[in-house]
């Protein structure tokens, strides 16, 4: 299944109540700023933090980024978070510990009511579903189709590993993450994340290799916990100049082959047929969408 999706390569976490991070967030170049009211905010600060969402959403999007709010679970906290998060400057909600279809549909109903009351287009607020329990993992196909608001999903590695009594290593999480990528593509939504843990940073060469490998496995974007990760993630989740040149050559030669009545042809010693042509078309659409987002970001930064 193919569906037009936003360009959300880098989703940088920013605690909504930490002013020094909020103040600089719009300068980091992330496609998305994830205002966090969950794990990075201690329980005693959550009530105050959610009051900052609307004001800080407007601030962090000044550089052209979209805004997602990562909300809490259980439901009593999630409802309060959503009541503060649904506004024109928030593009989406990251639903932590998504438990099943009824959970997501209940939140969808609440968001729709709030959008209507606030004069917003119903459906404006998108969902990222975070799979963080073994129970949710076995419902992943149903979860990803629970509501049209869902445009992305990921495996919350640390929580998922904790709940499965495993270590949050790339090897341990490889199977559930690959299953998530497949489920996301079956639904036409974005699989987010990395093949390895995002909890460590500093060795940027190895981080870049890991991000490149993640893209090869089908991930389209990922959460960033450090500004230094953003540039690398943006670069590696964007088709390279070599890939774009090759894709354009494939498309051009396909047109020549079609004009000659042929459905396949050889390029650089490799047989090119329909799957490779479709992959080239998708890569070019993705590249054009990324270029358009980068132009929007540059204009916002200059303005």
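The values are calculated or read from the model by the stated rules, or taken from the named source; none is laboratory data. Remember, predicted model here, so these are calculated numbers, not experimental data. Cβ: placed from backbone, ideal geometry, glycine included. Neighbour counts: every protein chain shown.
Worth a mention:
- Residue that is over 18 Å from residue 5 (Cα atoms), modelled with pLDDT of 95 or more, outside any loop (DSSP other than H, G, I, E, B) and out of contact with any helix residue (DSSP H, G or I) (no Cβ under 6 Å at 6 or more places or on another chain), where the choices are 115, 158: 115
- Sole exception among (1) assigned to a helix (DSSP H, G or I); (2) touching a strand residue (DSSP E or B) at 6+ places or on another chain (Cβ under 8 Å) for residue 135, by number: (2)
- Lone qualifier among 72, 17, 91 - being in the same structural domain as residue 111 (by TED's automatic domain parsing) and over 19 Å from the mean Cα position of the chain (by Cα): 17
- Verdict on residue 25 being within 30 Å of residue 218 (Cα to Cα), touching a helix residue (DSSP H, G or I) at 6+ places or on another chain (Cβ under 7 Å) and in the same structural domain as residue 121 (by TED's automatic domain parsing): yes
- Whichever residue in region 293-303 is part of a helix (DSSP H, G or I) and free of Cβ contacts under 8 Å to residues at least 12 places away in the same chain and, among such residues, is surrounded by the fewest Cβ atoms within 10 Å (Cβ to Cβ): 302
- Qualifying residue in region 248-266 (condition: buried (at least 18 other Cβ atoms within 10 Å of the Cβ), assigned to a helix (DSSP H, G or I) and not assigned by TED's automatic domain parsing to the domain that holds residue 286): no
- When 132, 171, 142, 158 are checked against the criterion of being more than 18 Å from residue 8 (Cβ to Cβ) and crowded, with 23+ Cβ neighbours inside 10 Å, 132 stands alone in meeting it.
- Scan of region 176-193 for residues that are over 18 Å from residue 133 (Cβ atoms), touching a strand residue (DSSP E or B) at 6+ places or on another chain (Cβ under 8 Å) and in a helix (DSSP H, G or I), ordered by number: 181, 185, 187
For every residue, the table says whether it meets (1) out of contact with any strand residue (DSSP E or B) (no Cβ under 8 Å at 6 or more places or on another chain); (2) buried (at least 23 other Cβ atoms within 10 Å of the Cβ).
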site	(1), (2)
75	yes, no
80	yes, no
85	no, yes
89	no, no
95	no, yes
100	yes, no
110	yes, no
118	yes, no
122	yes, no
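- So residue 280, is it in a helix (DSSP H, G or I) and over 29 Å from residue 205 (Cα atoms): no
- Just one of (1) modelled with pLDDT under 95; (2) in the same structural domain as residue 144 (by TED's automatic domain parsing); (3) within 22 Å of residue 290 (Cα to Cα) fails for residue 202. It is (3).
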